[in-house]
Amino acid sequence: MRVREAAMIDREKLARDKIKEDDHFDAVELIGIKQQVRDVLIGEKMFKAEELKVEPAFTVTLGAGQIVVSTDFLISFPSLSVMVIKCSSSSLESWERYLTAFARSVLDYQIPFAMVTDGVRAIIIDVLSGAIVGQSIHEMFTRQEAMDKLRDFKKIPFDNNKIEKERRIIYAFQGI
């Protein structure tokens, strides 16, 4: 009986060690993706470093409580947040809904664009229409294109009757 218990403990330790190793690998890979995205945004798309907010935090009210949520990047001009960006090493589609809900509900207006990316592939979303407008980080607009596109942009709040649902989606993903 003790031999079986020892073998079981060894298997559990091996499983824990493997999970720990995988988590470490994923974290290192994600750091690389974030650096790659930052390099594209500044080098290729010509955004200024000060326009990129890294891991910005927002307080979201949900029912009687509040939660603090964040994303990997927020592109902001002085008077307008332009795009939220989530980096992921896999399963971009699973983060698409979260990021749309995030862009709709963390400010008093909808952030007009959202992108989830692995550094190469991307899902670029026009938040106001819900349309996917690009599938590669290289299809994303440049700084100048963003300024032209948003020149006459009106800050539009999300439908007050639906915002609670968006905040619940954010809350659910924060638990993952």
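Here are the numbers for this structure:
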quantity: Estimated inter-spin distance, residue 128 and residue 57, nm [label 7 Å along Cα→Cβ]; calculated: 3.2
quantity: Residue 68 paired with residue 109, simple spin-label distance in nm, labels 7 Å along Cα-to-beta-carbon; calculated: 2.7
quantity: Contour minus Cα-Cα distance for residue 89 and residue 77 (0.36 nm per residue); calculated: 1.6 nm
quantity: Over 23 Å between alpha carbons, listed pairs 86/165; 48/162; 48/86; 34/149; 45/86; calculated: 48/162; 34/149
quantity: Burial ranking of peptide ranges 154-160, 114-120, 134-140 (average Cβ count within 10 Å, highest at the top); calculated: 114-120, 134-140, 154-160
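Read-outs throughout are calculated quantities, based only on the coordinates presented, and are distinct from any laboratory measurement. Please read these numbers as outputs of a predicted model, since none were measured by experiment. FYI the Cβ positions are ideal-geometry reconstructions off the backbone, even for glycines, and counts take in every protein chain you see.
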